[in-house]
Amino acid sequence: MSRSRAPYLLVGPALTALTVFFVLPVVAAFVLSFTDFDIYGVADLGNVRFVGLSNYSRLLQEPLFGKALANTALFVFVGAPLSLAASLGAALLLHARVARWQAVFRTALFAPVVTTVVAVAVIWRYVLHTRYGFLNYALGVLGIEPVDWLGDPRWAMPAIILFAVWKNFGTNMVILLAGLQAIPEDQYEAARLDGAGALAQFRHITLPALAPTLLMVTLMTMVGYFQLFAEPYVMTRGGPVQSTTSILYFMFEEGFKWWNLGFASAVAFVLFAILAAGAALQLALARRWSQP
Amino acid sequence: MKLAADLGRRWRGAAARRASPAQRSLGLAALALGALALGACEADEPLTLRMWAMGREGEEVAELVAQFERAHPGVRVRVQQLPWSAAHEKLLTAFVGETLPDVAQLGNTWLSELEALGALEPLDAALERSQVVDARDYFPGIWATNVVGGATVGIPWYVDTRLLFYRRDLLAAAGYAEVPTTWETWRESLVAVARRAGPAQFAVFLPVNEFEQLLTLALSEPEPLLRDGGRWGNFRSASFGRALTYYLDLFRRQLAPVASETQLANVWDELGRGTFAFMIHGPWSIGELRRRLPAAQQGAWATAPMPGPRGPGAGIAGGSSLVLFRTGGGARRARLGWQLIEHLSTPAAQRRFFQLTGNLPPRRASWNDGALAADPAVAAFRSQLERARQAPAVPQWERIMQELRLSSERAVHQVRPSTTDAELAQIVADTCAELDERVDELLRKRRWMLARQEAR
């Protein structure tokens, strides 16, 4: 075997798998997004027509898509910062020198991440139940009127955000904790000698040292949160009044409930474009921030 | 030995399923021939039929299927239960993956869609010879939902329609011994009930997240909901306009609360509590009300047929059908599948099924004795079912109903107690025009398909 062929042979299996299971479907979906592939197309490919950009133009006029976009944006821009704040807070608490039973707390806080969304969502539906739920019971003790968490269009998304934050903050917490542990202790010591308080230490040592980790975590969280699907699928089915219909849920309904696969593919590529633009913007901002 | 036989059987089953499209399209007409040709040697070979049924029916059908197995030695029926929420996706995925079962339960609004896919076996030939299934014995509106493009593709299994569940005591206190039969007089009775109602109590509950109530009203009007053979929406018709106006007016007069079903713990307890005196609900509510309301209140509720614009109104022709899929499994498989459908369609089996599930039978013969004939709560359903009217059979119907629900919900939110008649008429006109526009868009592909078929 020649030396120059060896690397291709070695990466061959991985590349083949990637092509068959990733590249080809993506290309097929891209082609599909310019057709009107639907239930009739499932019956016979002869019923499929190329429609150019009309899926995309229809998508921009579709009020539900706008609504799904707004719902997703609400989830991302409220949920992701909340989730990050929770992760950072928990990581700082765990990292504090006074903290005891660190391993126990770390495991407990990380536990929601390894549970399945569906099983936990079912339990959360009980927690959020208007009449018999624990949350409303707790609010009742504080003298707050019961909230129809999953039935009221104004509260359904906040409830989903609450659930998602609880479910996901553990991952970031562990990553941030690792980042915190990598900061050399002598920097804090020097800062303390210079008379820096806890807040000043956090601002001038912890945050800058953690910045690369934070950036990566923020990016991953935002991208992940844009793909909101399982939570509304299990808890609200996109309702009430479509207040928890996310872009992905909208795509799922179009594709697998109504079988407008051409139209659904167009949704997928619009979502992809949004994510790519978001990531690029975030990276550009980060670059500016890190270069004084 | 047994293992080898088992494997062999399985392999044959798999090979049979991999049949060519030409073989697949063999109609039931070939069945009789096939039976003759294959003769007795194949007849007692063991065979497993696959059947899919949804939700509760999938559990309860086991007893009836066991009877069938006893009557057909060597034939086993494997029933797979699908949850309703995932059934539609699973059916279409199975169609694409060529793993559809032999027999299945299908919601009758799905028939035209699966027919468009060419997945359903036409049953007319088998029907003609059948000693068991007699089309004339079925409620006509229900039977009509099973005929798509001139071919019978399903046999109704149970029926589902919506009618009035009401508090007899509250209506009597308002001065009415019975539910009036016209829209006008029914509304008067609602006004009378509302006058005596306490705070946060209403005359009728029309959940804004459901389309069935409005559809029930709309079906009582003469003009069809789609026109030109299901090519265009017909929601701007005077008929639908009258139904929508009547519906919205009930909200304007605050006879109905602007609320969705999810905002209540459950409708049955709320009916018992008097939160509303009327609701438009389906047959399963009979069992729920009997189970949930205290004994002292059992005499206080009753059912009544829907009122209509001029006398008793029409109803939705809903329910499930039994179908035979074109699986290419061969003549014997299809014949046994049809026999299973026949077995489930006998009046005796339907009555038993009613006892097991509370699902109402589609055949009049099944209603003539037993628990059904004696039950006053289901009597109203029988008369309503005689007037059940089929909705247009187009594959896009479910989607159209979702649009109807969204449009009417928006309209309900626009109506205020202070809305004048002229403003209401404007809301109705705008809603109907917008609905037609969206429905026409949904039917665009269908129009193209039909035009192409005609051109051929």
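Annotations for the structure displayed:
Yes/no per residue for (1) within 19 Å of A:Lys167 (Cα to Cα); (2) within 26 Å of the chain's Cα centre (by Cα); (3) away from chain B (no Cβ under 14 Å); (4) hydrophobic (A, V, I, L, M, F, W, C):
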| residue | (1), (2), (3), (4) |
| --- | --- |
| A:Ala190 | no, no, yes, yes |
| A:Ala196 | no, no, yes, yes |
| A:Phe202 | no, no, yes, yes |
| A:Leu207 | no, yes, yes, yes |
| A:Pro240 | no, yes, no, no |
| A:Ser243 | no, yes, no, no |
| A:Phe252 | no, yes, no, yes |
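- Among (1) at pLDDT below 90; (2) more than 13 Å from every other protein chain (Cβ to nearest Cβ); (3) touching a Gly at 6+ places or on another chain (Cβ under 7 Å), the one test that B:Val159 misses: (1)
- The helices (runs of 4 or more DSSP H) found wholly in region A:87-201 and carrying at least 3 residues that are surrounded by 11 or more Cβ atoms within 10 Å (Cβ to Cβ) and touching a helix residue (DSSP H, G or I) at 6+ places or on another chain (Cβ under 8 Å) occupy A:102-114, A:117-127, A:153-181, A:185-193.
- Residue in region A:135-156 that is of a type in the set (S, T, N, Q) and assigned by TED's automatic domain parsing to the domain that holds A:Leu219 present: no
- A:Thr171 being at pLDDT below 90 and more than 14 Å from chain B (Cβ to nearest Cβ): no
- Options A:Ala277, A:Ala266: the member that is farther than 17 Å from A:Val223 by Cα and more than 14 Å from chain B (Cβ to nearest Cβ): A:Ala266
- Failed criterion for B:Val96 (all others in (1) among the hydrophobic types (A, V, I, L, M, F, W, C); (2) within 14 Å of another protein chain (Cβ to nearest Cβ); (3) crowded, with 20+ Cβ neighbours inside 10 Å; (4) in contact with a helix residue (DSSP H, G or I) (Cβ under 9 Å, 6 or more places away or on another chain) hold): (3)
Residue-by-condition table, conditions (1) touching a His at 6+ places or on another chain (Cβ under 6 Å); (2) closer than 30 Å to A:Phe37 by Cα; (3) not assigned by TED's automatic domain parsing to the domain that holds A:Phe77:
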| residue | (1), (2), (3) |
| --- | --- |
| A:Leu176 | no, no, no |
| A:Leu180 | yes, no, no |
| A:Leu193 | no, no, no |
| A:Gly197 | no, no, no |
| A:Arg203 | no, no, no |
| A:Val217 | no, no, no |
| A:Gly238 | no, yes, no |
| A:Thr245 | no, yes, no |
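- When A:Gly41 is tested against (1) at pLDDT 90 or above; (2) outside the structural domain of A:Thr221 (by TED's automatic domain parsing); (3) not in a loop (DSSP other than H, G, I, E, B), exactly one condition is not met: (1).
- Considering only residues in region B:44-87 that are farther than 15 Å from B:Leu322 by Cβ and touching a residue at least 60 places away in the same chain (Cβ under 8 Å), the one that is surrounded by the fewest Cβ atoms within 10 Å (Cβ to Cβ) turns out to be B:Ala71.
- Among all residues of region B:195-207, there is at least one that is within 14 Å of chain A (Cβ to nearest Cβ), crowded, with 18+ Cβ neighbours inside 10 Å, out of contact with any strand residue (DSSP E or B) (no Cβ under 7 Å at 6 or more places or on another chain) and within 27 Å of B:Ala300 (Cβ to Cβ).
- Residue in region B:251-258 that is touching a Gly at 6+ places or on another chain (Cβ under 9 Å) and buried (at least 19 other Cβ atoms within 10 Å of the Cβ) present: no
- Matching residues in region A:1-57 - criterion: being of a type in the set (Phe, Trp, Tyr) and more than 31 Å from the chain's Cα centre (by Cα): A:Tyr8, A:Tyr40, A:Phe50
- Within region B:429-449, being closer than 21 Å to A:Val241 by Cβ and surrounded by 15 or more Cβ atoms within 10 Å (Cβ to Cβ) holds for B:Thr431, B:Cys432, B:Glu434, B:Leu435, B:Arg438, B:Val439, B:Leu442.
A quick yes/no check of all residues on (1) closer than 26 Å to A:Ala111 by Cβ; (2) in contact with a Leu (Cβ under 7 Å, 6 or more places away or on another chain):
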residue: A:Leu162; (1), (2): yes, no
residue: A:Val165; (1), (2): yes, yes
residue: A:Ala191; (1), (2): no, no
residue: A:Thr218; (1), (2): yes, yes
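- Filtered residue count, region B:401-439, keeping only those that are among the basic types (Lys, Arg), under 32 Å from the mean Cα position of the chain (by Cα) and farther than 14 Å from B:Leu244 by Cα: 1
- Residue within region B:401-422 that is polar (S, T, N, Q), within 11 Å of chain A (Cβ to nearest Cβ) and within 15 Å of A:Val241 (Cβ to Cβ) present: yes
- Test set (1) within 14 Å of another protein chain (Cβ to nearest Cβ); (2) touching a His at 6+ places or on another chain (Cβ under 6 Å) - B:Phe165 fails condition number: (1)
- Top-ranked residue of region B:222-250 - restricted to ones that are in a strand (DSSP E or B) and either of a type outside the set (Lys, Arg) or on the phi > 0 side of the Ramachandran plot (or both), ranked as surrounded by the fewest Cβ atoms within 10 Å (Cβ to Cβ): B:Trp232
- Cross-chain or 6+ apart pairs with Cβ under 6 Å, region B:163-181 first and in the same structural domain as B:Phe278 (by TED's automatic domain parsing) and over 20 Å from B:Trp284 (Cβ atoms), then among the hydroxyl-bearing types (Ser, Thr, Tyr) and outside any loop (DSSP other than H, G, I, E, B): B:Tyr176/B:Ser189; B:Pro180/B:Ser189
- Across region B:208-221, the qualifying residues are those that are assigned to a loop (DSSP other than H, G, I, E, B) and closer than 18 Å to B:Val267 by Cα, and the one among them that is farthest from the other protein chains (Cβ to nearest Cβ) is B:Phe211.
- The listed residue being over 29 Å from B:Glu113 (Cα atoms) and aliphatic (A, V, I, L, M), out of B:Leu322, B:Leu255, B:Leu244, B:Leu336: B:Leu255
- Tallying residues that are more than 11 Å from chain B (Cβ to nearest Cβ), outside any loop (DSSP other than H, G, I, E, B), out of contact with any helix residue (DSSP H, G or I) (no Cβ under 7 Å at 6 or more places or on another chain) and at pLDDT 90 or above within region A:44-66 yields 4.
- For region B:99-120, the set of residues classified as within 22 Å of B:Arg333 (Cα to Cα), hydrophobic (A, V, I, L, M, F, W, C) and more than 8 Å from every other protein chain (Cβ to nearest Cβ) consists of B:Leu100, B:Val103, B:Ala104, B:Leu106, B:Leu111, B:Leu114, B:Ala119, B:Leu120, listed by residue number.
- Test: residue in region B:358-378 that is in contact with a Gly (Cβ under 7 Å, 6 or more places away or on another chain) and closer than 28 Å to B:Arg167 by Cα: yes
- Test: residue in region A:3-24 that is away from chain B (no Cβ under 14 Å), surrounded by 11 or more Cβ atoms within 10 Å (Cβ to Cβ) and touching a residue at least 40 places away in the same chain (Cβ under 8 Å): no
The values are calculated or read from the model by the stated rules, or taken from the named source; none is laboratory data. The structure presented is a predicted model; accordingly, all values stated were derived computationally and were not measured. Virtual Cβ from ideal backbone geometry, glycine too; neighbours counted across all protein chains shown.
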